[in-house]
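FYI, it's all coordinate maths here, none of it is from the lab. Being a predicted model, the structure only gives us computed values, none of them experimental. Glycine gets a Cβ as well: all are built from the backbone with ideal geometry, and neighbour counts include every protein chain shown.
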Amino acid sequence: MKALVSVAVVALAIGASRAAVADERPEGRPWSIGASTYAYFVPDAPDFIMAIVPVDILLLHLEGRYNYEAPRSGSAFIGANIRVGEKVKLALTPMFGGVAGELDGVIPALRFTLSWWKLELTSESEYVFDLDASESSFFYNWSELGIYPLAWLRTGVVIQRSLVFQNDLAIQRGLFASGSYRFVTLTLYELNLLWTTATWVLAMAVSF
């Protein structure tokens, strides 16, 4: 636990320094890069950190992940960015990739964000085809429905179906609160508090 907290603090310091540099870059550039870490505090199981690095160049989307589909496994994706709408905005990112490590497989995936007024629905779904054992293939989803009561604050509900950690619930569910400052966003998730012992997730995202 202490090790994870230390990592999160160091990551936040690095992210803040990068964000300060990024803030000086010119607007309207055709590319962006980000990094996210998720520290999972799981009851009766080892804590772990998940990492995601997305890169967008015009319509092209590239993404690398670690500990996402399975522990001690890395994955990489290529996809396309599609944006439509003005008042009601829809962002779609269909992707295709693969995972290697404790899990070896190929993965079609889709991420979307639907936003209107102060409401935002985000969802990512993928199907992992296990190359070593086809009966172990599985469907994954992470979805959030949030509202912005303030420009920098987002809060709402989250559900997920994942094999990166497991308990008695097939679908994890809970609440989240997220705050942003410049290019840094911190989010705290609680999962399953009213159903079983809660899992806590502390996430930090940096974009520049």
Over segment 2-207, what relative contact order in percent results from Cα pairs under 8 Å that are six or more residues apart?
-> 17
Longest segment of the chain with no GluC sites (Glu not before Pro) in a DSSP loop having at most 14 other Cβ atoms within 10 Å?
-> 103-208
Specify the inter-centroid distance of segment 144-172 and segment 43-102, based on alpha-carbon positions, in whole Å.
-> 16
HN-Hα J couplings of segment 51-61 from phi, Karplus 6.51/-1.76/1.60, θ = phi - 60°, integer Hz, Gly and Pro as x?
-> 10, 9, 10, x, 9, 10, 10, 6, 7, 7, 10
What Rg and what Dmax come out for segment 139-208 when only alpha-carbon atoms are used, in angstroms?
-> 13.0, 39
Using only the C-alpha atoms of segment 2-207, find the volume of their convex hull and express it per residue in Å³.
-> 127
Find me the longest stretch of the chain that has none of the exposed trypsin sites (Lys or Arg not before Pro), where exposed means in a DSSP loop (not H, G, I, E or B) with at most 13 other Cβ atoms within 10 Å.
-> 119-208
Local net charge near Glu120, Cβ-Cβ under 12 Å (Lys/Arg +1, Asp/Glu -1) | +2
Top mean-square fluctuation among Ala151, Ala109, Ala100, Gaussian network model of the chain, C-alpha springs under 10 Å?
-> Ala151
Whole-number percent relative contact order across segment 116-199, with pairs defined as alpha carbons under 8 Å at least 6 apart = 19
